[in-house]
Amino acid sequence: MTDADDSGAPGDAGFDEWLAAIADGNGYYLESPTGEGSLPPRRICPHSGSTQLEEQPIPDTGTIEAVTVVHVASPQFVDDTPYATAVVDFGPVRLTGMVRGLDPDSVETGMTVESTVETRATTDDPLLVFRPV
Amino acid sequence: MAGVRVAGVGLTHFGQIPDRTGRDLFAEASIRAFEDADVPRADVEQLNYGNFMGSMAEHQGHQAPLMAEAAGLTCPATRYEEACASAGVAVREAVKSIRSGESDVVAVGGMERMTNLGTPGATEALAIAADDLYEVRAGMTFPGAYALMASAYFDTFGGSREDLAHIAVKNHANALENEYAQYQRSVSLEDALDAQPVATPLHLYDCAPITDGAAALVLVSDSYAEANDIAAPVSIVGSGQGSDNLALHDRDHLVRTPATAQAANMAYEDAAIGPDAIDLAEVHDCFTIAEVLALEALDLYPYGEAITAARTGETTIDGALPVNLSGGLKAKGHPVGATGASQIVEMTRLLRGDHPNSDAVEDARTGLTHNAGGTVASAVVHVLEVVA
């Protein structure tokens, strides 16, 4: 399963499955034998060099570590502006995504969020979204 | 090991010149560099050329032989692509080639054509320096990435938009007399603070502009300079490079740039100096916060302390360590694939005494240049010294 959508266009194997798993509430990361986390598609742990990577569930919630409100976007996101982009710490891995469910200017570091997959306002492409819990 | 001299330097005016082709821009910079060097083009053994977004901006891949042709060169030519550090890497590889004895004369440079893409198009093209799957598709822009670093910096160490605005004010003031600069005009603190937001906490004057331009250098070995009576008082005495995870969220810190530290340590060791020997620096201020992060990773300031350096006057033209006397990327402009070479051009002029701001650093002997790619997943540092 590597189709990004129903168009039949080639997808991105490894990433598409990962995003689909986040959408289903079954998000995962790759864990090395020494406990470091990384994201797919990946064959070698960037921390330990191990090739023995196992899928482990990503914690349900994470903490916003940094946030910005984007006012000038690329054409792919122009109808989404202004939007909050955040780096969220889930423990073994961090993720970058768009925060929805509150005014972008009220998003703050330290907030607890959960991850899900929605679509951009500009295009129908899937988008990693964080929502406050 | 052969020493490396900067025999000639050349720039185009940096600015908004959307109709000019890349080949024409690079030809102009190369003509200036060869006039300055007084080295015959037939002696050039290779061209190292930096460019980032030419495939998008000009629908032109395979640019190196095209640029060699434009510059009147018939030697082997190679394009280096490392996002905004493309030309820095091209310079470093030229230094390595001359030091190894492989070459005596290398032409180096870079070109970027950006404004023909428009702001949204250039924003999209710049974003591809980030991780496409995990950052670009999540809506992260290039200013957005540095804004995340600024936000994390404020949370970790303190600092304010006003501290950052002082960096923009300083770099604009430095560019006033620089004939090659995109913005030869001053910006007030109020202008900077009142400007429209791009990605909070970064506003318009925290961001380097979108720029068209080219830079070129002629580098030669000590022995070639001596044998051919070439006046080349400035030498590249230290070179270093570092890399990091591409995606910001995969790094250990959001507020440190270890690729810069790695490049700096390598360059200091190579030059057999410490950071205290640096008289002036040209650092990669694609955003105001980037100047802060650079000064700290270069070990010119302890972590958490460079945020006030411009505000307190330590890095202004009459400060203890003048930073970005060219105007920096902020005011001189940032044609991304040319920037790393343009920093060597400007530092050479500053040290030789033929830069409009040279008088302010008359006694300076040692300068540092710092060129970064993306959110500093790549960094290149060079140390330049007056040797003759």
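Among the criteria (1) touching a helix residue (DSSP H, G or I) at 6+ places or on another chain (Cβ under 9 Å); (2) crowded, with 22+ Cβ neighbours inside 10 Å; (3) free of Cβ contacts under 8 Å to residues at least 12 places away in the same chain, the one B:P120 does not fulfil is (2). Out of the residues in segment B:135-186 that are under 12 Å from B:P201 (Cα atoms) and in a loop (DSSP other than H, G, I, E, B), which is farthest from the other protein chains (Cβ to nearest Cβ)? The qualifying residue farthest from the other protein chains (Cβ to nearest Cβ) is B:S160. The C-beta contact set for segment A:102-119 (first residue in contact (Cβ under 8 Å) with a residue 12 or more places away in the chain, second residue of a type in the set (D, E) and loosely packed, with under 13 Cβ neighbours inside 10 Å, distance under 7 angstrom, 6+ apart or interchain) comprises A:E114/A:D60.
Within segment B:243-295, the set of residues being in a helix (DSSP H, G or I), away from chain A (no Cβ under 14 Å) and among the charged types (D, E, K, R) comprises B:E269, B:D270, B:D276, B:E291.
Scanning segment B:322-355 for residues that are in contact with a Gly (Cβ under 8 Å, 6 or more places away or on another chain) and β-branched (V, I, T), which turns out surrounded by the fewest Cβ atoms within 10 Å (Cβ to Cβ)? The qualifying residue surrounded by the fewest Cβ atoms within 10 Å (Cβ to Cβ) is B:V345. Report yes if some residue within segment B:358-368 is crowded, with 24+ Cβ neighbours inside 10 Å and aliphatic (A, V, I, L, M); otherwise report no. Within segment B:358-368, one or more residues are crowded, with 24+ Cβ neighbours inside 10 Å and aliphatic (A, V, I, L, M).
Can you find a residue in segment A:26-34 that is more than 8 Å from every other protein chain (Cβ to nearest Cβ), in contact with a Phe, Trp or Tyr (Cβ under 7 Å, 6 or more places away or on another chain), of a type in the set (G, A, S) and over 24 Å from B:Y146 (Cα atoms)? No; the residues of segment A:26-34 include none that is more than 8 Å from every other protein chain (Cβ to nearest Cβ), in contact with a Phe, Trp or Tyr (Cβ under 7 Å, 6 or more places away or on another chain), of a type in the set (G, A, S) and over 24 Å from B:Y146 (Cα atoms). What about B:D132, is it assigned to a helix (DSSP H, G or I) and either more than 8 Å from every other protein chain (Cβ to nearest Cβ) or among the charged types (D, E, K, R) (or both)? When the stated conditions are applied, B:D132 does not pass them. Here B:V136 meets each of (1) surrounded by fewer than 24 Cβ atoms within 10 Å (Cβ to Cβ); (2) more than 29 Å from B:N51 (Cβ to Cβ) with one exception, condition (2). With the requirement that a residue be in contact with a Gly (Cβ under 7 Å, 6 or more places away or on another chain) and either among the acidic types (D, E) or more than 7 Å from chain B (Cβ to nearest Cβ) (or both), what does segment A:64-82 give you? Within segment A:64-82, A:I64, A:D80 qualify.
Throughout, read-outs are computed from the coordinates displayed, never taken from laboratory work. Note that this is a predicted model, so its numbers are computed, not measured. Here the Cβ is made from the backbone with ideal geometry for all residues, glycine too, and neighbour counts use every protein chain on show.
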